[in-house]
2 protein chains.
Amino acid sequence: MAPMTTAVSGAGQDRKAPGRPRNAQADEAILDAVLAMLAAGQSFAAISIEAVASRAGVGKATIYRRWPNKEALLIDAVAAMKGPLPEPAGLSVRDDLVMLVQANRTGRALRYGAVTACLLPELLKDDHLRGMYQKVIEPRRDVMRQVLRRGMTSGELRPDLDVELTLLMISGPSMLQNMLNWNPRVADEGFAETLVDAVLKGAKNA
Amino acid sequence: MAPMTTAVSGAGQDRKAPGRPRNAQADEAILDAVLAMLAAGQSFAAISIEAVASRAGVGKATIYRRWPNKEALLIDAVAAMKGPLPEPAGLSVRDDLVMLVQANRTGRALRYGAVTACLLPELLKDDHLRGMYQKVIEPRRDVMRQVLRRGMTSGELRPDLDVELTLLMISGPSMLQNMLNWNPRVADEGFAETLVDAVLKGAKNA
């Protein structure tokens, strides 16, 4: 299995274990190489293990020791881009949603935003890759689903809320803005709060 | 200048003008070839005029007679994908917004949805292309902006509505769903109505 957790966490505490530092650094470099190549506009199909190895400054064997094939490497790279699964505090639904939107606007997620834009069509048309991608992405969606359902129970949200649509209404604008700065007239500052509050209160004149 | 209108309209009524049919058909084939290649995951940089000509079944000279360079061809292909500028009826803001969402879910827009996903990062990082793309896309955004402002004046929408954010809140979910079927649990049937109504009424328990 690929060392997803190690790579994602940056492996800070692993540095002391003998023999680990080089591996952890190599994993980071390999995952970053894949993401950088995708972000530069290369299609997944066009990326070779040779090219990844060369860019990461490691041998091909180092990659094959950790990942059985290119697909497994891709999925781990996407997981690394997404970062660790966010954990809502569970006090206010509004604050939890803000935190979830913010969690997608940091570090690799923002740096490699263009990756997702370009990669998703490719991922989603291949059934096998689509399935692997779902395994990375569904636990993240579940976190937001649980927050929304909690709000429906607590009375913070409408009892008849369409959870799946609301998921899309929060993630859609976030992804477009993070990946593409799609509407440059929407301010970066306070984006998560502004979006969540707008989704909550609605556009209709009360 | 490139024959954007002719290509976009399908040139039905032009068929009778002598000498036009072949041109209009060639234009269609050329624009479709560009979109199909982009939709197949090729980067804009990797697409050559030769390859477009070959796929469209025309000579390179035919392309160069209509478009001075690859960038102009790309922008016209994007315009053709978007179709003609939609014209809201102006009666109900809700109905106009539904129509605008639906206008992005038909024909080429849907067929080549993946194009936009993959192309935008490439377009937006090049200042010149970004400027050309804005010229295609801003008039479309303006149509929705005008509908939203009309609603603020008429009282259908909050007087303090954030127009730019609302634009993103309607377009973001639409684009993600059209391009990628991002959340397969959201129904296609009635999508435009469901989304617009949810944006209008808000998620908060009233």
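FYI, it's all coordinate maths here, none of it is from the lab. If you're wondering where the values come from, they're calculated on a predicted model, not measured in any experiment. Cβ coordinates were reconstructed from backbone atoms using ideal geometry, including for glycine residues, and neighbour counts include every protein chain displayed.
Brief remarks on what is shown
- Built amide H within the under 5 Å cut-off of A:Leu157, gap 5+: A:Met152, B:Asn205
- Inter-label distance for B:His128 and A:Asp126, nm, one decimal - labels placed 7 Å from Cα along Cα-to-Cβ: 3.4
- D_trans [Stokes-Einstein, Kirkwood Rh over alpha-carbon pairs] for region A:33-174, 4 °C, 1.567 mPa s, µm² s⁻¹: 77
- Position B:Ala46, label points 7 Å along Cα→Cβ, spacing to each other copy in nm (shortest first, one decimal): 0.4
- Of A:Tyr64, B:Tyr112, the sequence from fewest to most neighbouring Cβ atoms within 10 angstrom is A:Tyr64, B:Tyr112.
- With the simple spin-label model, which puts each label point 7 Å out from Cα in the Cβ direction, the B:Leu85 to B:Arg105 separation comes to 2.5 nm.
- Closest approach to the B/A rotation axis among chain B Cβ atoms, residue and whole-Å value: B:Gly202, 1
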